[in-house]
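The values are calculated or read from the model by the stated rules, or taken from the named source; none is laboratory data. As the structure is a prediction and not an experimental result, all values here were calculated from the model. Every residue, glycine among them, receives a Cβ derived from its backbone with ideal geometry; neighbour counts consider all protein chains shown.
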Amino acid sequence: MTPVRRSGENGQPSYIWILVKRPFPFLPALFFCLLAVLRTAAQSQAPSSPPKLVISHLVGDLYVYTTWQPQGGSPYPANSMYLVTDKGVALIDGPWDSTQCQPLLDSIYRRHHQKVVLCIATHFHEDRTRALDFLRERGVATYSSAETYALCVKNHKPLAEHVFTRDTVFRLGNVRFSTFYPGEGHTRDNIVVWFPANQVLYGGCFIKSTEVGGLGNVADANVAAWPRSVRRVMDKYPHPAFVIPGHQGWSDLRSLQHTLDLLRAAPVP
């Protein structure tokens, strides 16, 4: 409203109030509110980058740790494991993201007050072997099968310092765990690792998570032999409490059967 002066009685000024209408005075405020809502919605829908290193407690003294690398334009996770003992920590496969090697060692020491003393690579691909040089330079004893060692030499991958030629039982502190070669599958050299105290089977890339709908990288696979190799693992370890695949989630125990199902559906070269 706007006051307008006029002459009143006895020449005294008086005022009247005139209502002046302005077109939609609320529009600027409404515009900015709508803009804020749209900005918030866009931010909530934008893909967020995963953390570079995630450590998840599995059971007892066993932990799964996950690192990522770009695959097909998006970060893709790789799972590895570690075991804590009173004589140090054993890694089963190193980080895929080599920038996370030192953060992993630091995180383990802060959490458990133990140093990593041993690492086993479960096949020759870089998501399993990339950290071997780094670990060896820091005094960690690195191991692989003889077949993995030969394939690393052939494909110019980092090499383990120590080699085993058959299924091997390792003992660290008062904990035993063992490697098992089931036959060819994801690669010629893939092995699994069994932790009997907690009935945990680390399958690595030999086993496919129920969260994936395909076999992934089969460039070095023997798809024809892979089902027989999976059945050997199922026969040897019929009732695992956990099965850890090389990629994606591990909460579903049907990953062994899921791997067989994927193989049945896969074309055999």
Q. CYS152 passes all but one of (1) outside any strand (DSSP E or B); (2) surrounded by fewer than 22 Cβ atoms within 10 Å (Cβ to Cβ); (3) more than 22 Å from the chain's Cα centre (by Cα); which number fails?
A. (2)
Q: Filter the strands (runs of 3 or more DSSP E) completely within segment 155-228 down to those with at least 2 residues that are of a type in the set (Phe, Trp, Tyr), more than 20 Å from the chain's Cα centre (by Cα) and over 18 Å from ASN79 (Cα atoms).
A: 175-180
Q) Is it the case that segment 217-233 has a residue that's within 26 Å of LEU172 (Cα to Cα), at pLDDT 95 or above and either outside the structural domain of ARG166 (by TED's automatic domain parsing) or of a type outside the set (S, T, N, Q) (or both)? A) yes
Q: Being over 23 Å from ARG130 (Cβ atoms), in contact with a strand residue (DSSP E or B) (Cβ under 6 Å, 6 or more places away or on another chain) and at pLDDT 55 or above narrows it down to one of HIS57, HIS113, so name that one.
A: HIS57
Q. For segment 219-256, how many residues meet the condition of being of a type in the set (A, V, I, L, M), exposed (fewer than 15 other Cβ atoms within 10 Å of the Cβ) and closer than 24 Å to TRP96 by Cα?
A. 1
Q. What do you reckon, is VAL243 within 21 Å of PHE124 (Cα to Cα), out of contact with any His (no Cβ under 6 Å at 6 or more places or on another chain) and in the same structural domain as GLU147 (by TED's automatic domain parsing)?
A. yes
Q. Any chance segment 190-204 includes a residue that's loosely packed, with under 15 Cβ neighbours inside 10 Å and free of Cβ contacts under 8 Å to residues at least 60 places away in the same chain?
A. yes
